[in-house]
Amino acid sequence: MKGKIMEPDIALTQVSAWWDANAPGWAKDAFAYLQSIWNEGAYGLTYGQIITITGIILFSLMVRGLFARTFVRWITRLASGTKTKLDDVLVKAIATPLKIVPVIIGIYIALQVAHIDPTAEMYANKIIQSVVTLAVFWTLSRAVNAFEYVFTSLKDTLSAAVVDWMIKALQIILIILGFGAVAEQWGIAIAPLIAGLGVFGIAVGLGAQDLFKNLISGLLIISEKRFVPGEWIQADGVVEGTVEKINFRSTLVRRFDKSPVYVPNSALSDAAVTNFSRMTHRRIKWVIGVEYRTTVDQLKYIRDEIEAWLWNDDRFAKPPEAALFVRVDNFNASSIDYLIYTFTKTKDWGEWLAIKEEFAVAIMQIIEKAGTGFAFPSQTIYLQETDPPEIMAPPARSEGVERARQRIAEAQRRKGIGEADDEG
């Protein structure tokens with residue numbers, strides 16, 4: 001066994017002896033020159049060490065792909081077999097950071113195999129420690145997304161936007177802690193750095209007032225619960241649409257033409273915002289005009305029939321839940337107008353349109369059955385007669401007119417009590 005192990009060394013020694021004895025001088029000089037370049041290398045490493053390290057790292061990258069296809073997929077399928085979604089989200093969050101584990105192991109093995117300078121090895125080890133530290137905190141920050149299912153009760157108490165902000169804030173804190181841990185590993189004092197960042201933050205804050213204004217406005221929007229994602233809002237002079245997401249600086253509102261609008265939080269905080277999703281009922285307010293030839297009995301018939309139709313339909317809200325009026329309201333230029341004022345119980349726009357259509361058809365049927373019709377803008381032209389018109393004597397004044405005159409005279413007498421007869 002020992003002879004077999006020594007055979008390559010003996011062969012190498014024989015080749016070297018033959019080279020020294022038979023090789024020409026120029027070949028020996030060229031070989032020595034190439035050997036010196038090979039041993040000199042770069043960055044304190046020989047080319048042999050560089051090739052060895054590169055090969056190990058490339059192999060670890062290949063293993064990383066195999067690791068991602070096998071181990072990560074295996075734990076993903078394992079988690080999907082459970083009833084809870086918490087482990088599914090957790091595995092999905094940490095799957096990407098797990099893929100760098102083979103690369104870290106490969107770099108560590110490469111440093112152990114290649115005998116590099118102690119100083120370079122110290123820096124290389126610190127780099128590996130930093131990568132491991134960042135990977136750990138990166139994994140934790142991604143795993144925070146899994147807490148969304150833990151905070152389900154908080155969504156009902158606070159709101160989904162508040163929980164989303166809490167998760168984002170926790171992720172940012174973990175990332176900052178990760179970089180702080182890396183700084184400590186490299187011997188960088190954190191306290192003076194934080195003090196310096198405080199002064200720098202004041203300077204930045206003076207130039208980033210809009211950013212902080214939008215951040216505070218976003219917090220006010222969430223705390224006041226003006227609106228939450230999924231609600232239909234209208235901000236006067238700003239935007240109208242469905243809220244999709246409330247971010248730190250802006251709110252994403254999807255208009256009804258499906259165009260996204262990114263509105264600064266300060267604009268929504270300062271503007272008057274109408275939240276249509278929180279309406280209790282949908283209103284129908286119509287002015288219906290009938291012809292002037294309509295008699296009083298017809299007017300009353302139409303009023304009573306429309307009002308009865310609304311009271312007998314359970315899809316419409318009744319007092320005191322909501323107002324319901326059907327009244328003769330106005331003598332217009334070409335029509336006698338009804339005011340119809342009522343509310344539906346449904347808030348769904350499509351269902352409201354269907355109810356309103358059915359109600360409009362019922363009104364047309366009622367007016368047609370009453371023997372009259374809808375009024376339209378018109379003018380009546382009176383032609384002067386050649387014969388003088390017959391003078392009609394007006395009827396006698398009613399008793400009410402006489403009583404009104406007596407009250408007017410009595411009021412005028414009361415007004416003069418206590419006044420002087422002359423100007424002085």
Any residue on another chain or 5+ positions along whose placed amide H is under 5 Å from the amide H of D329 is listed here as D337, Y338, L339
Could you derive backbone 3J(HN,Hα) for the range 358-371 from the dihedral phi with the Karplus parameters 6.51, -1.76 and 1.60 (θ = phi - 60°), listing whole Hz in sequence and x where the residue is Gly or Pro? 4, 5, 5, 5, 5, 5, 4, 5, 5, 5, 5, 5, 6, x
Normalised by the residues of the range 245-347, what does the relative contact order come to in percent, with Cα pairs under 8 Å and at least six apart? 29
Given a 1.4 Å probe and every protein chain left where it sits, what share in percent of the accessible area of the range 201-318 is carbon and sulfur? 55
Filter the cross-link list K126/K213; K225/K345; K225/K258; K258/K356 down to pairs whose alpha-carbon distance in this structure exceeds 29 Å. K126/K213
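The values are calculated or read from the model by the stated rules, or taken from the named source; none is laboratory data. Every value quoted in this text rests on a predicted model; they were computed, and no experiment measured them. Just the protein is used for accessible areas: all its heavy atoms, side chains included, with ligands, DNA and RNA removed. Shrake-Rupley method; radii C 1.70, N 1.55, O 1.52, S 1.80 Å.
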